[in-house]
Amino acid sequence: MYSLLPAPDPKGAGSYGQVTVLNHTVQADPFFTLKFPLKPLVSQGTKAGHMHTAITLELIDLISILLILILLFLGYNLLSLKWSYKISKPYQWEEAIRQREIPANLRTLERTYRDKVRFYTFWFQVERLRKQGVPGAFAELGVYQGETANILHEMDPERKLHLFDTFEGFHEADLHSENDEEKYSTTTFSNTSLEGVKDYINGNENVEFHPGYFPESAAGLKESQYAFVNLDADLYKPTLAALEYFYPKLSPGGVIIIHDYNHNWDGIRKALDEFMPTIPETLLELPDWQGSAMILKNS
């Protein structure tokens, strides 16, 4: 607090004199009454310190705001990831759960599988095949790490399931026929192994693995009838070879589903464009996440 010390008044009472305020002499009225505390004068060094403190606080506030925004952004993305792929569960699926017709393993797969439309498409077709008594085995070309193969096996574990894959990534012989060859390589989808997929699926004796290059890997296979075939080979050459191999063996009422029917995988479209004119069926596009197409064989 400032102390006001009246200076000697050479001009007499009532005249304005001087007061000393912390070594600073200023004019003052002797009748002036100090009614509130005054802030002490601040040196330049102290002012600089206060400015530095203020700037530091402003930076801390700014960083705090940025951190909050980052957390909000991450939270939004996590919620988007969780809800973007959520759809209403089909009534038939919920009814089957109420009737306890869905095993626990399959319910877990339904909760964790990202593409719900694709999952329910598989389930509806497998249920239809069972109800209609369509004979034949299941098969998949392009197993990768075994996710969809595991789903198919859990949906109907009593069906024979044939799984075809190199289990080493794309085969070099298939890459030369792609329009955009440079974006593919033999290391694409190579982070898999036969033993790893076997351990993951942990299936019964109905699951058979056929490692190697397709269709050579199917040589000697005695299976003559198929009810459900899932093609996820991504490339033109193996997809066309699979269509030519499996369609004649497909039971009436059987189904072939071809994954990645979209603009990113030109080879899939090319294979189907060549194959479809040779059969009487119509290609049905499916609205799953990455696009699929389905061939339902006429009965």
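Derivation of every value follows stated rules applied to the coordinates shown; laboratory data play no part. All values reported here derive from a predicted model rather than from experimental measurement. As a convention, Cβ positions derive from the backbone with ideal geometry for all residues, glycine included, and neighbour counts pool all protein chains shown.
General observations
- Using a simple spin-label model with pseudo-atoms 7 Å out from Cα toward Cβ, TYR76 and GLU205 lie 5.7 nm apart.
- Debye intensity ratio I(q)/I(0), log10, region 155-237, q values 0.13, 0.17, 0.23 Å⁻¹ (C-alpha model): -0.49, -0.80, -1.24
- Extension gain for GLU147-PHE124 works out to 6.5 nm (0.36 nm per residue, less the C-alpha to C-alpha distance).
- Long pairs among LYS131/LYS270; LYS131/LYS198; LYS198/LYS249; LYS131/LYS237; LYS89/LYS160, criterion Cα-Cα beyond 32 Å: LYS131/LYS270; LYS131/LYS237
- Expressed per residue, the C-alpha convex hull volume of region 91-296 stands at 123 Å³.
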